[in-house]
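The values are calculated or read from the model by the stated rules, or taken from the named source; none is laboratory data. From a predicted model like this one, the values you see are computed outputs, not experimental measurements. Cβ: placed from backbone, ideal geometry, glycine included. Neighbour counts: every protein chain shown. The area values use the complete protein model at the heavy-atom level, side chains included, leaving out ligands, DNA and RNA. Shrake-Rupley method; radii C 1.70, N 1.55, O 1.52, S 1.80 Å.
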Protein chains: 2
Amino acid sequence: MMMQRLRRSEEFIRFGCESLINLRPNKNSVPRSVSGFVTHYDTKGKLFESNVGNHYNTHRCLGRNLGMLQQYKCFGSSSASQIERKPLFSSLDSKDVSSFKEILGDKNVVEDEERLETANTDWMKKYKGSSKLMLLPKNTEEVSQILQYCDSRRLAVVPQGGNTGLVGGSVPVFDEVIINVGLMNKVLAFDEVSGVLVCEAGCILENLATFLDTKGFIMPLDLGAKGSCHIGGNVSTNAGGLRLIRYGSLHGTVLAVTANGNVLDMLGTLRKDNTGYDLKHLFIGSEGSLGIVTKVSILTQPKLSSVNLAFIACKDYLSCQKILVEAKKNLGEILSAFEFLDNNSMDLVLNHLDGVRNPVSSTENFYILIETTGSDETNDREKLEAFLLKSLEKGLVSDGVIAQDINQASSFWRIREGITEALQKAGAVYKYDLSLPVEEIYNIVNDLRRRLGELANVMGYGHLGDGNLHLNISAADYNDKLIGLIEPYVYEWTSKHRGSISAEHGLGVMKANEIFYSKSPETVAIMASIKKLLDPKGILNPYKVLPHSLFSH
Amino acid sequence: MMMQRLRRSEEFIRFGCESLINLRPNKNSVPRSVSGFVTHYDTKGKLFESNVGNHYNTHRCLGRNLGMLQQYKCFGSSSASQIERKPLFSSLDSKDVSSFKEILGDKNVVEDEERLETANTDWMKKYKGSSKLMLLPKNTEEVSQILQYCDSRRLAVVPQGGNTGLVGGSVPVFDEVIINVGLMNKVLAFDEVSGVLVCEAGCILENLATFLDTKGFIMPLDLGAKGSCHIGGNVSTNAGGLRLIRYGSLHGTVLAVTANGNVLDMLGTLRKDNTGYDLKHLFIGSEGSLGIVTKVSILTQPKLSSVNLAFIACKDYLSCQKILVEAKKNLGEILSAFEFLDNNSMDLVLNHLDGVRNPVSSTENFYILIETTGSDETNDREKLEAFLLKSLEKGLVSDGVIAQDINQASSFWRIREGITEALQKAGAVYKYDLSLPVEEIYNIVNDLRRRLGELANVMGYGHLGDGNLHLNISAADYNDKLIGLIEPYVYEWTSKHRGSISAEHGLGVMKANEIFYSKSPETVAIMASIKKLLDPKGILNPYKVLPHSLFSH
């Protein structure tokens, strides 16, 4: 039963993506809401009128107290919930469509309403744009031509990959032309000596992993969304995920990107290159606001034969912290994941997902998953067992179990990876993705729990080894009182402790105006200058990443 | 005897740096030439006059056929060997000196000729400026004040750390004011949970390593120059070195830098932060041309207990390549260095350094050092032994030995790290630092050997695991015929094979004009725009990194 649900869940996510890639104008390709919390989003909302061009440009209002649309605010910012369409942007006309058809051919210029509905909506159905056109370029040259045309016409665009983002970065806010890179899905080269993979931006992460598996290599990143997300999107959002503790961020493993309008070919395959400023880093994590990544060169890792996974229970957070330090020291070179969840998260998973059970017999306040990856089956396992035994003797661990086979390992991972799904089933959910000093991570959960009392269920889980907390607040519904208690409290708390309000999800449209909680005005001013430099007319993914105040006229 | 030489050599390098840091106006602080190939550089050369301000601004000519000064050209570029002082820059006057004294106090404004002689000259004595002033700020605020003043007066500056660079990046070209950060040498914080170290830019790499050792951690980088080089300089040049294969480049491990004029505080200590463009990467590897790094936050690694080192001999380069692939697969998580040298390099070391002997009995064409670092003494050693045995059986290795103790390990490393010293003793040396696809690495050595015939001794060694070749040409003296045969041949060859003309040394003044061999005009144009954005008057480390043509008036 559980496996059936799992497969269904995966199918759903993959399908949403394949529908763009395989160009199937299929009724089934309209994804249903996972949680159902915004079911009729597209039929309501205030309309903004644009007086540029001949078209109305409609956007579902982001303001307060507008019926269903209040929900936008809940997920966005409480401080700046209104965005207006920039009147300087042109509106699409039939001549534009003809020009795009000349560049791409008819079938890769999509005006079909059903397919646009899908492309306008993010996978959580939290964000929804009103674009009338999706373009499907097949190569860098076509992307370049599209961007040059849009720049000349001052048509705003939104780059789109697998559309699996969590901050509304990959869907239009208003009528931006969608440039989906799903047709650019070829592996271009793989070098077994260096482990360098070169591929197009639209390659699905899991497909790359499958390809590499046949060569004896693995990708340096792994995400829950791997069945849908594109490597170009991963790079553009500097995706984190489960292997960061071992292989580091994409700033360390991505060797090159190709971005454009003016094609900026930085597609080397070299591990080391100190010739001038390393501009590719500007494109890693800039969420498509500086250019569109069309090709990626990435350092992959040899696949090691021995993977072990332990699931352990701890009484308190301090023990979790101590185990992390010990694991880094004692498991050192084989440690490949260190994830944690609190008992509220565990309860939620047990209550809302079928077929999941707690692997350890006792109920505790915290649970940790420790994964090792190495090249020596016997030794690695002995090492992990010895480590757990020592932790048990020290009283850091109250119970623990090591997966005996791949099925058991999958069932352990199912708990950690199932939290998102369980949260959506539980009702309304407010999601925050914070980087904090490890010792502070659980303090914000406790503080918020005290602050909200009976109003909501506060959960903490995430990538403890990287200092990355996923703070989630589950409630019966979205309401002003609750959001007022959460924001800006969470952002202020994070800022006060020198944390980051976005560890791995990016800012998108959700947190563009909150950037100052994590970055100084001087830093943001330089970002804005760089944006101006690379995208003078501001057509690339507008309203995202940088605060709207910087671009108001 | 060998150890004595080693110590002497280290003392020399450290001393040059300490003399700046401890402010000892000591006769002995003028470093002697290591190789002696440019002994009277400062008494010759054509003078360029500046007609701005009241001072002559002298620079030793970079042109051809000027007696001793021909040597500049030998190490620099054959295509653009002349640089003129930018007349827009002001010249230092007494009011400036008074202003600096107000900011820094008298003793940290250095006009002493002997100390300036040291600070004007790079450690190889290849590059020499004519600055009349060195400033020694104690903190970020003072650096900021200095830069604001210099910007307002349009006084050019050169940031300086340990002055151990290899491309003339850390000394003035003309009369730039030297800003040496050697007094900013405090560790500010260390977090044993996350392993994050925060320190000032002037901390010497080895001192940081010593500090971390007491905490059970190691730095993620290790260089021959560790006894002198500063972490700020390491970051500014994106230094590579011996551990890159294991821990990746500084783009992956440096968490933050603080740069200024306008203090750009990006000094987080978080492993993950996706709030806007990650600007710190602009400062990593930009060689002080965009800002001065004043503080660094860096992810360190737990110190593991078991280090093993093997020294092996191989018949041909293809075997080296195959061993690399096998080592990555079989040693996987414990592999921490993979260095190679050819027999010409070995011969040179044996001939020019005392007390060095070939650890393996047979003379072969290639030698490889393989280091492993792990947490399990017995198992790691068995693994390395099994790997070597297998390689021997496969015929990839013709002989090999594993170091039995730390002394033996030091003697192995002495061979690899002694090549630079041996080269300088052997006569004139032309140094190139190339990134190439691993399979191409030795082809350029062979091609160049054929091309130069009896004229010179061509050596190849370096960080094979990272695709980084140190190509060195040793000859009796510097001459036009030889440089004409080497350049632009080496750059063209590298460019043709999509390599980088600077893997880890940077461009500095040596290769600023050669950037187009590795970067497209579009990319360089954007670099120039970013330079203009962050340093509108161009006062930060002028004549370096970017081609002079971009800034000619």
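A few comments on the model shown:
- Phi-derived couplings, Karplus 6.51 cos²θ - 1.76 cosθ + 1.60 at θ = phi - 60°, listed residue by residue for region B:130-140: 9, 5, 9, 8, 10, 10, 10, x, 9, 7, 4 Hz, with x used for Gly and Pro.
- A full extension of the chain between B:Lys101 and B:Asn343 corresponds to an added length of 81.7 nm, given 0.36 nm per residue minus the alpha carbon distance.
- Residues with amide H under 5 Å from that of B:Asp399, placed H, sequence gap 5 or more: B:Ala313
- Accessible-area ranking of A:Arg451, A:Arg153, B:Arg414, largest first, probe 1.4 Å: A:Arg451, A:Arg153, B:Arg414
- Solvent exposure ordering (accessible area, 1.4 Å, most first) of B:Ser474, B:Ser98: B:Ser98, B:Ser474
- Along each principal axis, taking the top coordinate minus the bottom one, the Cα set of region B:344-454 gives 47, 33, 26 Å in descending order.
- Applying the Kirkwood pairwise sum to the alpha-carbon positions of region A:99-218 produces a hydrodynamic radius of 15.5 angstrom.
- For region B:232-377, the fraction of 1.4 Å probe accessible surface lying on carbon and sulfur atoms is 42 percent.
- Per DSSP, loop trypsin sites (Lys or Arg not before Pro) in region B:338-406 with at most 16 further Cβ within 10 Å: B:Arg357, B:Lys394
- Two-site label geometry, A:Glu113 and B:Leu188: point separation in nm, points 7 Å out along Cα→Cβ: 5.8
- Whole-percent pair-distance distribution, where bins are 10 Å wide, for the alpha carbons of region A:399-553: 9, 32, 31, 19, 7, 1, 0
- For B:Val356, solvent-accessible area (1.4 Å; no DNA, RNA or ligand), Å²: 20
- The slack in the chain from A:Lys496 to A:Lys215, taken as 0.36 nm per residue of separation less the alpha-carbon distance, amounts to 96.5 nm.
- Across region B:435-446, coupling constants 3J(HN,Hα) worked out from phi with the 6.51/-1.76/1.60 Karplus curve, θ = phi - 60°, read 9, 9, x, 3, 5, 8, 3, 8, 5, 5, 5, 4 Hz, and Gly and Pro carry x.
- Distances in nm from B:Val401 to the matching label points in the other copies, shortest first (labels 7 Å along Cα to Cβ): 5.3
- Taking region A:100-182 and dividing mean pair separation by its residue count, relative contact order in percent (alpha carbons under 8 Å, at least six apart): 35
- Modelled label reach - B:Asn446, point 7 Å along Cα→Cβ, region B:301-327 residues with backbone N closer than 20 Å: B:313-325
- Residue-span extension gain [B:Asp93 to B:Asn351] - 0.36 nm each, minus C-alpha spacing: 87.8 nm
- Electrostatic dipole magnitude of region A:477-553 [Cβ: Lys, Arg +1; Asp, Glu -1; Cα centre; debye, to 20]: 300
- Spin-label pair B:Ala528/B:Glu393, simplified geometry with 7 Å Cα→Cβ offset, distance in nm: 6.0
- Rounded FRET efficiency, nearest 0.05, which uses the C-beta distance separating A:Arg154 from B:Tyr489 and R0 of 45 Å: 0.40
- Nearest-10 value in Å² for the accessible area of B:Ser362, using the 1.4 Å probe: 40
- Heavy atoms of chains A and B lose about 6800 Å² of accessible surface on contact, summed over both sides with a 1.4 Å probe.
- Accessible-area order (highest first, 1.4 angstrom probe) of the listed residues A:Asp342, B:Asp477, B:Asp376: B:Asp477, B:Asp376, A:Asp342
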